[in-house]
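Visitor: Handing you this structure, nothing more for now.
The values are calculated or read from the model by the stated rules, or taken from the named source; none is laboratory data. For clarity, every value in this text was computed on a predicted model and none was experimentally measured. Positions of Cβ are backbone-derived with ideal geometry, glycine not excepted, and every protein chain shown enters the neighbour counts. Areas reflect the complete protein model, heavy atoms only, side chains present, ligands, DNA and RNA absent. Shrake-Rupley method; radii C 1.70, N 1.55, O 1.52, S 1.80 Å.
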Amino acid sequence: MPAPIRLRELIRTIRTARTQAEEREMIQKECAAIRSSFREEDNTYRCRNVAKLLYMHMLGYPAHFGQLECLKLIASQKFTDKRIGYLGAMLLLDERQDVHLLMTNCIKNDLNHSTQYVQGLALCTLGCMGSSEMCRDLAGEVEKLLKTSNSYLRKKAALCAVHVIRKVPELMEMFLPATKNLLSEKNHGVLHTSVVLLTEMCERSPDMLAHFRKLVPQLVRILKNLIMSGYSPEHDVSGISDPFLQVRILRLLRILGKSDDDSSEAMNDILAQVATNTETSKNVGNAILYETVLTIMDIKSESGLRVLAINILGRFLLNNDKNIRYVALTSLLKTVQTDHNAVQRHRSTIVDCLKDLDVSIKRRAMELSFALVNGNNIRGMMKELLYFLDSCDPEFKADCASGVFLAAEKYAPSKRWHIDTIMRVLTTAGSYVRDDSVPNLIQLITNSVEMHAYTVQRLYKALLDDISQQPLVQVASWCIGEYGDLLVSGQCEEEEPIQVTEDEVLDVLEGLLVSNLSTPVTRGYALTAIMKLSTRFSSVNRIKKVVSIYGSSIDVELQQRAVEYNALFKKYDHMRPALLERMPIMEKTATNGPTEIVQTNGETEPSVVEAKHPPPVTQPANQANDLLDLLGGNDVVPVIQTTMPTKPASAGGELLDLLGDLSLSGAPAPAPAPSVPTSQPSFLLDGLSSQPLFNDIAAAGIPPMTAYSKNGLKIDFTFERANPNPNIAVITIHASNSTEADMTDFVFQAAVPKTFQLQLLSPSSNVVPALNQGTVTQVIRVLNLQKQQLRMRIKLTYTHKGSPVQDLAEVNNFPPQSWQ
Amino acid sequence: IRQGKLRLQKWFTPVPDREKKKVIRDMMTLVLSRPPRSCNFLQWKDLKIVYKRYASLYFCAGLEDQDNELLALEVLHRYVELLDKYFGNVCELDIIFNFEKAYFILDEFLMGGEVLETSKLAVGGAIEEADMLQETLEDYMSKPAY
């Protein structure tokens, strides 16, 4: 059996592969050879084979079959084996493989090995990938080594302890005694790792923090020695002695001095000394200055020192080195909240950084600029930021636009300025604004009553220029729909009113409908806007024509709207003015403002209520007739019944027969007549409010009820009260089927006495699955102005095991709370 | 479009393999697309990425929020110096063919993501002594014909 190929030989061979396929073939061949070698339990070459495996793993090939082999290497006596074994463990294993626990015993032994380099390997591996279980098992060993006088081992034990604490914070206590004289060490490795360990403990435990505050003088002394001592070749970096240690000490001081006057005072001098004496010509000096500034800003330093720190950052901003400018901006961003005025002094430099060529710097400068905007500088800052928005890379535009909107909202000096600013953003970066900008803007515009004419005029002009930016187009469409009358009557005061006719406006809106640039959402906006203009313009016929054309649009959303608007024209024309009148000022609640409007697609209009059964396209007419009758829609002005109610003279509906036998005992019929017409609009207009239909608090404690239970079909009713109208009860029906066959083509219908109004919304499905595997739900809204006892007649039809089933029932057991 | 090839990777937190591959891919794309003379820092998700180019190699480090970026540049530089001292005018091929040594050196310099030893001399000395313990020194120290 020839010896397995050497590692470096393999590497050379693989590198000669000219294609990915060739490389893969080589790798597979070698892996096969390695696998057989593993199977033969070859001790001699195991190390070489695992090393090769690790190389192939780095190229991206699977190497999990080598995991156990690593463990065998670790257990070997040979140093070469252990070195590769531990490396393999760190590369191939982590806590997610169970097999890693097998390492624990080996590591324990090696932690007590006679050779420090073996101990070092064990500490390193534990400190890099040790799992919580391993850490628990071996913490004691680590703690022992933390107390050794061997500095090589002590420093490794310290960082290993850091890892143990990160994995199992409860073990932190046990390391406390060993920390007693860590800082008295002369060895820089031990000092550095000790400071890291102390930092970790202080960050995790306030008690530890309090305990270690007493170390501040010692830390200050060590730092002072580093700065003052002469040249030390071993630790020198460009004339600075051990910058790594200096920075870590500064960071620990930061943690110890925070919120503590005494500690902060004790470190004041050294901080001032470092801040003024550190050489700034090279990166290493600036690294120390940077950390110093962070520390000064975080502790309770005296004001002179803080000013010094901010000025250092200000100087950083002017440094040629991009990295320095970048960290300056980052630091200023951190301090802008607490030292706002000091940072404001550097505002012009920061704003200049917006023009920096470097992307990272630009981003930081943008973030910082937004943080510096306030009521005093808003005009000037916004000019710069809008200029930035114009010219920046696309990756910035969305964030910048959002920032502009937020700043404008907080500090706008006038409504006109606010709207102008928004317009500017929409026209320059319109395709990058976030989705919620549209409803936010609509709300802003609505509430700026005196600016309506100006706004709609500007938006109209913008549309004439460019219809490609959807958010702009959507807001513009909405405005034109709302304020089109102001547009054509030339009422604008803020600027020269333009002359535009109704037809021209309709041309533009119709143009949006047909343009390829318009998204379906935008088309929806445009159609609704056109519809709204039917109550503001005189060219109603043209609008009717457009609306009827889109009644057969392929786009289901558009079609639905058009059909509903058609219905408005045909059957509900008397309601049209009320439905389409001007929007009231919207209350923007903290959380609900934008989302509510988004729910109704940026428009706060109702979908005209019809119960729709799928598919709507094929049989809209019949369904509409049947169910509209349930609404009592034909009884807008009800016939005053003085005697028993007769069948109302309405079109179509075996359903109305349901009402035939319901006696209205005790209910004086005439009374409601005058009030019903006005109540009807308010009922339907509930949908107009900017609240989602069912965003209400479930009426406290109206108990659910079973309305029907027969032949395996059970229908339960649950109740809510619709906000804001307490006269509306919202009932959700839940239909379940306990038989072994599904009930298909399930249709639920309901009718109520005349003094009620009923709306039935679409069901969740028309199949009630067998064996109670699911429920069909449907929502009923009942308006009960007279507070009469609620009664309902329901009709159920479905197909069960191939045969049609039909049933009628009366529901009388409504809980009193549902109608009182 | 420049393609990157991984020469060394060290993770200090447990990360699933698939995610490691994605992170590496993302980082390579980000770093390799940086225009020359850009600043050496970039933000990626919640990590600060510090990178420095040395000849044909990019050295990258992922830092947490409280870590000092300027110092990280010094850390990267120190590692390159250590490699240079060990290999004598180190080049990419040295690291390709002796990747395990690159790891050994790294493990004497950093542990758990923190600097372990701040003295170049101490790190170099430790590696030399440990090398002497290698039983198959020939194999280990042989300079391959690239």
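Visitor: Got a number for carbon plus sulfur as a percent of chain A's accessible area, 1.4 Å probe?
Guide: It is 52 percent, rounded to a whole number.
Visitor: Sequence-distant or interchain residues sharing an amide H contact under 5 Å with B:M111, placed H: which?
Guide: HN-HN under 5 Å from B:M111: B:L116.
Visitor: Would you please give the residues with an amide H less than 5 Å from that of B:V15, counting only those at least 5 places away or on a separate chain, with H modeled from the backbone geometry?
Guide: The list, which skips near neighbours in sequence, is empty: none.
Visitor: Additional query: Could you please tell me the mean projected area of the C-alpha convex hull for chain B, averaged over all directions and given in square nanometres to one decimal?
Guide: About 10.1 nm², averaged over all directions.
Visitor: If I model a spin label as a point 7 Å beyond the Cα along the Cα-Cβ vector, how far apart are those points for A:L68 and A:N277 in nm?
Guide: 6.2
Visitor: Give the calculated FRET efficiency between B:W44 and A:E203 to the nearest 0.05, with a Förster radius of 22 Å applied to their Cβ-Cβ distance.
Guide: Values: r = 24 Å, r/R0 = 1.08.
Between B:W44 and A:E203 the formula returns 0.40.
Visitor: Ok, one more. Quickly rank B:64-76, A:514-526 as a protection proxy: mean count of other C-beta atoms within 10 Å, highest first.
Guide: Taking the mean over residues of other Cβ atoms within 10 Å, the ranking is B:64-76, A:514-526.
Visitor: Any idea what angle helix A:116-129 forms with the longest principal axis of chain A, computed on alpha-carbon atoms, 0 to 90 degrees, nearest 10?
Guide: So the inclination is approximately 10 degrees.
Visitor: Mind giving me the nanometre distance, one decimal, between the label points for A:R582 and A:K461, set 7 Å out from Cα along Cα→Cβ?
Guide: 2.3
Visitor: Which value, in debye to the nearest 20, gives the size of the charge dipole of segment A:209-311 about its Cα centre, when Lys and Arg are +1 and Asp and Glu are -1 at the Cβ?
Guide: Using only the charged Cβ atoms, the result is roughly 200 debye.
Visitor: While we're on this one: Quick one: helix A:378-391 against the long Cα principal axis of chain A, what's the angle to the nearest 10°, folded into 0 to 90?
Guide: The helix A:378-391 is inclined about 80 degrees to chain A.
Visitor: So, one more: Relative contact order of chain A, please, whole-number percent, based on alpha carbon pairs below 8 angstrom and at least 6 residues apart.
Guide: Value for chain A: 4 percent.
Visitor: If the cut-off is 17 Å between C-alpha atoms, which lysines fall inside it for A:K52, apart from same-chain ones fewer than 8 positions away?
Guide: A:K29, A:K72, A:K82, B:K101, B:K143
Visitor: With only Lys, Arg, Asp and Glu charged, each at its Cβ (+1 for the first two, -1 for the last two), find how big the charge dipole of segment A:306-400 is about the Cα centre; round to the nearest 20 debye.
Guide: 320
Visitor: Report, in degrees rounded to the nearest 10, the 0 to 90 angle that the Cα long axis of helix A:415-429 makes with the longest principal axis of chain A.
Guide: Taking Cα atoms only, the helix is inclined about 70 degrees.
Visitor: Using heavy-atom solvent-accessible surface (probe 1.4 Å) with all chains present, what is the largest-first order of A:E581, A:E291?
Guide: Listed by decreasing accessible area, they come as A:E581, A:E291.
Visitor: Which order do the peptides A:13-22, A:215-224, A:749-758, A:780-789 come out in when sorted by mean C-beta neighbours inside 10 angstrom, highest first?
Guide: A:749-758, A:780-789, A:215-224, A:13-22
Visitor: May I pose another question? If you keep only loop residues by DSSP, which trypsin sites (Lys or Arg not before Pro) in segment A:52-122 have at most 14 other Cβ atoms within 10 Å of their Cβ?
Guide: When the trypsin sites (Lys or Arg not before Pro) of segment A:52-122 are filtered for loop state and at most 14 Cβ neighbours within 10 Å, A:R96 remain.
Visitor: Once fully extended, how much extra length lies between B:Q134 and B:H77, figured as 0.36 nm per residue of separation less the alpha-carbon to alpha-carbon distance?
Guide: Gain on stretching B:Q134 to B:H77: 17.7 nm.
Visitor: Carbon and sulfur together cover what percent of the accessible area of segment B:17-142 at a 1.4 Å probe radius?
Guide: About 55 percent, which is the carbon plus sulfur part of the accessible surface.
Visitor: Next up: What length, rounded to one decimal in nm, is gained on full extension from A:S259 through to A:E494, with 0.36 nm per residue of separation minus their alpha-carbon distance?
Guide: 79.2 nm
Visitor: One-quarter of the Cα convex hull surface for segment A:297-363, in nm²?
Guide: Taking the Cα atoms of segment A:297-363, their convex hull projects to 4.2 nm² on average.
Visitor: Mind ranking A:E494, A:E564 by accessible surface for me, highest first, 1.4 Å probe?
Guide: Values: A:E494 80, A:E564 20 Å².
If we order A:E494, A:E564 from most to least accessible, we get A:E494, A:E564.
Visitor: Could I have the simple spin-label model distance between A:I554 and A:A210, label points 7 Å from Cα toward Cβ, reported in nm to one decimal?
Guide: For the pair A:I554/A:A210, the computed spacing is 7.4 nm.
Visitor: Would you mind listing how long segment A:1-96 runs along its three principal axes, going by Cα atoms, in whole Å with the largest first?
Guide: Principal extents (largest minus smallest coordinate, Cα): 39, 35, 21 Å.
Visitor: Shape call for segment A:705-818 from the C-alpha gyration tensor, a ≥ b ≥ c root eigenvalues: rounded (a/c under 1.5), prolate (a/b greater than b/c) or oblate?
Guide: Taking the square roots of the gyration eigenvalues as a ≥ b ≥ c, segment A:705-818 is prolate.
Visitor: Same structure, new question: Please turn the phi angles of segment A:748-764 into ³J(HN,Hα) values with the Karplus equation 6.51 cos²θ - 1.76 cosθ + 1.60 (θ = phi - 60°), one per residue in order, whole Hz, x for glycine and proline.
Guide: Karplus values, whole Hz, x for Gly and Pro: 10, 10, 9, 9, 10, x, 4, 6, 9, 10, 10, 10, 10, 9, 5, x, 6.
Visitor: Averaged over its residues, how many other protein chain Cβ atoms are within 10 Å of peptide A:242-250's Cβ atoms?
Guide: Going residue by residue through A:242-250 and averaging, the value is 4.
Visitor: Over chain B, what is the mean sequence separation of C-alpha contacts under 8 Å (at least six apart), divided by residue count, expressed as relative contact order in percent?
Guide: It comes to 16 percent, rounded to a whole number.
Visitor: Using unit Cβ charges (K, R positive; D, E negative) and no other charged atoms, how large, in debye to the nearest 20, is the dipole of the protein assembly as shown about its Cα centre? Please report the intermediate quantities before stating the final value.
Guide: Working: 104 positive and 114 negative charges, 296 e Å.
The calculated dipole for the protein assembly as shown is roughly 1420 debye.
Visitor: Here's another thing I want to ask about it. How large is ³J(HN,Hα), in whole Hz, for each residue of segment A:294-308 in order, when computed from phi with the Karplus curve 6.51 cos²θ - 1.76 cosθ + 1.60 and θ = phi - 60°, using x for Gly and Pro?
Guide: Per-residue couplings from phi come out as 4, 5, 4, 6, 8, 8, 8, 7, 6, 4, x, 5, 5, 4, 4 Hz.
Visitor: Over the Cα atoms of chain A, compute the convex hull volume and normalise it per residue, giving Å³.
Guide: 274
Visitor: Put +1 on the Cβ of every Lys and Arg and -1 on every Asp and Glu Cβ in segment A:244-331; which of A:Y326, A:T280, A:A266 then has its Cα farthest towards the positive end of the dipole?
Guide: A:Y326
Visitor: Please find the FRET efficiency linking A:K410 to A:T706, where r is the Cβ-Cβ separation and R0 is fixed at 56 Å, and quote it to the nearest 0.05.
Guide: 0.55
Visitor: From the backbone phi of segment A:447-453, what are the Karplus-calculated ³J(HN,Hα) couplings (6.51 cos²θ - 1.76 cosθ + 1.60, θ = phi - 60°) in whole Hz, Gly and Pro given as x?
Guide: Residue by residue, segment A:447-453 yields 7, 9, 4, 6, 9, 4, 5 Hz.
Visitor: Say the dipole of the protein assembly as shown comes from +1 at the beta carbon of Lys and Arg and -1 at that of Asp and Glu; which of A:N566, A:Y86, A:C160 then lies farthest toward its positive end?
Guide: A:Y86
Visitor: Taking R0 as 45 Å, what FRET efficiency do you get between A:N812 and A:V514 from their Cβ-Cβ distance, rounded to the nearest 0.05?
Guide: Details: r = 55 Å, r/R0 = 1.22.
That gives a FRET efficiency of 0.25.
Visitor: What does the extension gain come out to for A:S738 and A:R24, with contour length at 0.36 nm per residue minus their alpha carbon separation?
Guide: Stretched fully, the A:S738-A:R24 segment lengthens by 251.1 nm.
Visitor: Roughly how far apart, in whole Å, are the Cα centres of segment A:199-236 and segment A:11-37?
Guide: Spelled out, the Cα-based centre of one part sits 52 Å from the other.
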